[in-house]
1. In segment 59-77, is there at least one residue being modelled with pLDDT of 70 or more, touching a Pro at 6+ places or on another chain (Cβ under 8 Å), assigned to a helix (DSSP H, G or I) and open to solvent by 60 Å² or more (accessible area, probe 1.4 Å)?
2. List every residue pair whose Cβ atoms lie under 6 Å apart, where the two residues are 6 or more positions apart in sequence or sit on different chains, the first residue falls within segment 51-77 and is closer than 15 Å to A36 by Cα, and the second residue, located anywhere, is open to solvent by 60 Å² or more (accessible area, probe 1.4 Å) and of a type in the set (D, E, K, R).
3. Return only the number of the condition from (1) modelled with pLDDT of 90 or more; (2) surrounded by 10 or more Cβ atoms within 10 Å (Cβ to Cβ) that A43 does not satisfy.
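The values are calculated or read from the model by the stated rules, or taken from the named source; none is laboratory data. Owing to the predicted nature of the structure, the values given are computational and were not obtained by experimental measurement. Note: ideal-geometry Cβ built from the backbone for every residue, glycine included; neighbour counts use all protein chains shown. Surface areas here come from the heavy atoms of the whole protein model, side chains and all, with no ligands, DNA or RNA. Shrake-Rupley method; radii C 1.70, N 1.55, O 1.52, S 1.80 Å.
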Amino acid sequence: MAKKTTIAEAVSEPEAGSTLRRCIGSARYGFEAHDAPVEEFPAQPSHKDGLGRMCKTHWRQYTAALARDAKARKAAAEAETPASVVGGPTVDAPKRRRKREVVLVPTAEGEGDAG
């Protein structure tokens, strides 16, 4: 069984003059942490040292597994949605009424007076 390491140990800076770096692996997808040459790590400008935390091989496998999981979740969500909602009749937009023109008819001079 592999020795468990903390994240701080796994992502620690390589020792001066060392050409190996620790790949953190992924417990979720079964990638064991291991030491790999620094050249095997992808550039990651957002990190302090400019290198990724997983070697290129494990990074590709990890992102592919994440994509498969997302695709499976989407398929499961679509399977739960009733067919009447997914492929059912569409609701038509309300019909627009034509605006009625208001025509002002002048009244005769004596009709409007009450008094």
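1. Narrowing segment 59-77 to residues modelled with pLDDT of 70 or more: 59-77.
Pick out the ones that are also touching a Pro at 6+ places or on another chain (Cβ under 8 Å) and you get 59.
Next, only the ones that are assigned to a helix (DSSP H, G or I) stay: 59.
Retained after the next criterion (residues that are open to solvent by 60 Å² or more (accessible area, probe 1.4 Å)): 59.
The answer is yes, given that some residue of segment 59-77 is modelled with pLDDT of 70 or more, touching a Pro at 6+ places or on another chain (Cβ under 8 Å), assigned to a helix (DSSP H, G or I) and open to solvent by 60 Å² or more (accessible area, probe 1.4 Å).
2. Close Cβ pairs satisfying both conditions: C55/E40; K56/E40.
3. (2)
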